[in-house]
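Got a structure for you, written out below as structure tokens; questions coming shortly.
Since every read-out is calculated from the coordinates, none of them should be taken as a lab result. Since we're looking at a predicted model, the values are computed, not measured. Counting neighbours? That spans all protein chains shown, and the Cβs are built from the backbone with ideal geometry, glycine included.
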């Protein structure tokens with residue numbers, strides 16, 4: 001099943017499903033610790049190159065992140081313009097860095113990362 005929902009809609013859905021439970025069981029600090037734990041899980045999966053487990057780990061991370069944001073009253077959709085601007089600056093810096101590195105695998109990896117991230121950003125936030 002494919003959901004066609006905005007980020008704000010997804011955040012509201014998570015608030016409706018988990019909001020009361022999270023408020024009862026977790027304060028913001030504990031929710032943020034869960035976000036960090038899930039980040040470590042993702043890092044471990046990447047280290048082991050376990051691509052099959054990556055989707056579930058990202059979903060767990062995203063769920064806890066939304067729980068934290070809901071608890072703090074942070075609307076992720078409102079942050080997208082700022083995120084887009086900061087990410088574009090980061091990618092610009094990475095592309096420039098890739099052009100100044102010596103030829104070799106590191107340069108190719110950095111340039112490929114910048115291209116892929118740029119493609120993802122263009123897909124997510126066209127224009």
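Examine region 57-67 for a residue that is closer than 27 Å to residue 81 by Cα, in a loop (DSSP other than H, G, I, E, B) and touching a residue at least 24 places away in the same chain (Cβ under 8 Å), and state whether such a residue exists. Let's see the steps before the verdict.
Our first condition is that a residue be closer than 27 Å to residue 81 by Cα; within region 57-67, this holds for 57-67.
Going one step further and asking which of them are in a loop (DSSP other than H, G, I, E, B), we end up with none.
No, that holds for no residue.
Could you count how many residues in region 41-68 are surrounded by fewer than 18 Cβ atoms within 10 Å (Cβ to Cβ) and farther than 28 Å from residue 8 by Cβ?
The total comes to 10.
Same structure, new question: Specify the residue that is surrounded by the fewest Cβ atoms within 10 Å (Cβ to Cβ); the eligible residues are those in region 11-28 that are more than 13 Å from residue 63 (Cβ to Cβ) and under 19 Å from the mean Cα position of the chain (by Cα).
Looking at the filtered set, the residue picked out is 28.
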